[in-house]
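Here is the structure we will look at.
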Amino acid sequence: MEQLREPTPAAPRKGPALADAQGRLIRYLRVSLTDRCNFRCTYCSPAEHEAPDALLQRPEIARLVRVFAGLGVRRVRLTGGEPTLRKDLVEIVADAAATPGIEEVALTTNGHRLDELVAPLRAAGLGAVNVSLDTLVPERLGGVSGKGARLDRILAGIDAAAGRFRSLKLNTVVMRGVNEDELGALVRYAWDRGALPRFIEQMPFGGGVPVPLAEVRAGLEAQGFALEPDGWKGWGPARHMRARDAAGRTGLVGFIGAMTENFCEDCNRARVAADGGFQACLGGQDRVNLRDLMRGGAQDEGLAEAVRGALWRKAPRHHMEDAGSGLVLLPMRGLGG
């Protein structure tokens, strides 16, 4: 199956630009729909419970997408927790896809419910799907993602999504002593389904020992792949290489290295957490609660000004490497990465 790629981002449209203090244009919004998850991945540390009243409601999400689109955002990614646990997920996707100015709606999921949702999500206008796939060995999955994770369900969801969306990516967090020996198998599995395999350096939000991307690339080469740079750039922070296996098969592989290969210089992203907190930087602590502003009667311009203020306070780069030595990171749950 031909490997799919998401569309190359279009040139910015004319209109009010949303930028941070360093002048980086923000065109990509990640919205967490819930901090609840049916998995317990060690690197994410998901919450056991959520407070329903604290979550953004569907009309509030639609309003925020409209406000951000008016400020130049062109892509929205729905995350979690696990967003497929929201009963109104399909309607939220449809709202976002119908928003003037939004060119792409994407979803990040653990894949557990994807099989049953592919058709309605596609009909609602979803264009891109990322699925977390940390191992192809069933016996390993429980140690990574907890008792609720079933590899057969994840793989069925991936198969159902293959060829149905403009972009399908399989995300693997590489953990020392856990899945380093599966790098080549994961690449081939993704290529077989027209998907883009991506290896992610673990960030300090949970347990486990991270593996630097330099070691990941070396591991791929040791498992029979030749790598060379590829300049293709999607919406997000991934850097890509073209890989060739021993049989001569080639394809793209993505690498995301927040810790050892900082990607802040060309950051184009901002985040709204499940509780409505706007966070300009994944590794930052400064938040503006847009949910409270909306429920307090703020007009759209007031929301826009709050967002601009948070972006103006955004530092040039994150310092997640300082976690545990004074920097306290907000949990990945509810923020969505």
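The values are calculated or read from the model by the stated rules, or taken from the named source; none is laboratory data. Bear in mind the structure is a predicted one, so any value in this text is a computation, not a measurement. Positions of Cβ are backbone-derived with ideal geometry, glycine not excepted, and every protein chain shown enters the neighbour counts.
Of the residues Glu215, Glu182, only one is of a type in the set (D, E, K, R) and surrounded by fewer than 20 Cβ atoms within 10 Å (Cβ to Cβ); which?
Numbers: Glu182 fails: surrounded by fewer than 20 Cβ atoms within 10 Å (Cβ to Cβ).
Of the residues listed, the single one that is of a type in the set (D, E, K, R) and surrounded by fewer than 20 Cβ atoms within 10 Å (Cβ to Cβ) is Glu215.
Which numbered condition trips up Gly337, out of (1) modelled with pLDDT under 95; (2) surrounded by 15 or more Cβ atoms within 10 Å (Cβ to Cβ); (3) in a helix (DSSP H, G or I)?
The number of the failed condition is (3).
Considering each of Arg153, Arg113, Arg122 in turn, give the residue that is of a type in the set (Lys, Arg), over 18 Å from the mean Cα position of the chain (by Cα) and under 20 Å from Val31 (Cα atoms).
On the way: Arg153 fails: under 20 Å from Val31 (Cα atoms); Arg113 fails: over 18 Å from the mean Cα position of the chain (by Cα).
Of Arg153, Arg113, Arg122, the one residue that is of a type in the set (Lys, Arg), over 18 Å from the mean Cα position of the chain (by Cα) and under 20 Å from Val31 (Cα atoms) is Arg122.
Criterion first (surrounded by 21 or more Cβ atoms within 10 Å (Cβ to Cβ) and modelled with pLDDT of 95 or more) does Gly276 satisfy it? Before the answer, list the steps.
Values: surrounded by 21 or more Cβ atoms within 10 Å (Cβ to Cβ): yes; modelled with pLDDT of 95 or more: yes.
It is true that Gly276 is surrounded by 21 or more Cβ atoms within 10 Å (Cβ to Cβ) and modelled with pLDDT of 95 or more.
Can you tell me which residue is surrounded by the most Cβ atoms within 10 Å (Cβ to Cβ) among those in segment 297-312 that are in contact (Cβ under 8 Å) with a residue 12 or more places away in the chain and small (Gly, Ala, Ser)?
Initially, segment 297-312 is screened for residues in contact (Cβ under 8 Å) with a residue 12 or more places away in the chain, giving 300, 303-304, 306-312.
Keeping just the survivors that are small (Gly, Ala, Ser) gives 304, 306, 309-310.
Values: Ala304: 17, Ala306: 16, Gly309: 13, Ala310: 21.
Checking each candidate, the answer is Ala310.
Pairs, please: C-beta under 9 Å, at least 6 apart or cross-chain, first residue over 17 Å from Ala124 (Cβ atoms) and in segment 154-173, second of a type in the set (Phe, Trp, Tyr) and modelled with pLDDT of 95 or more?
Cβ pairs passing all conditions: Leu155/Tyr189; Ile158/Tyr189; Leu170/Tyr189; Asn171/Phe199; Thr172/Phe199; Val173/Phe199.
When you look at Val105, is it out of contact with any Gly (no Cβ under 9 Å at 6 or more places or on another chain) and not polar (S, T, N, Q), yes or no? Even if it seems obvious, please write down each step before you answer.
Working: out of contact with any Gly (no Cβ under 9 Å at 6 or more places or on another chain): no; not polar (S, T, N, Q): yes.
No: the conditions fail for Val105.
Answer yes if at least one residue in segment 136-145 is modelled with pLDDT of 95 or more, within 20 Å of Gly234 (Cα to Cα) and surrounded by fewer than 16 Cβ atoms within 10 Å (Cβ to Cβ), and no otherwise.
No - not one qualifying residue is present in segment 136-145.
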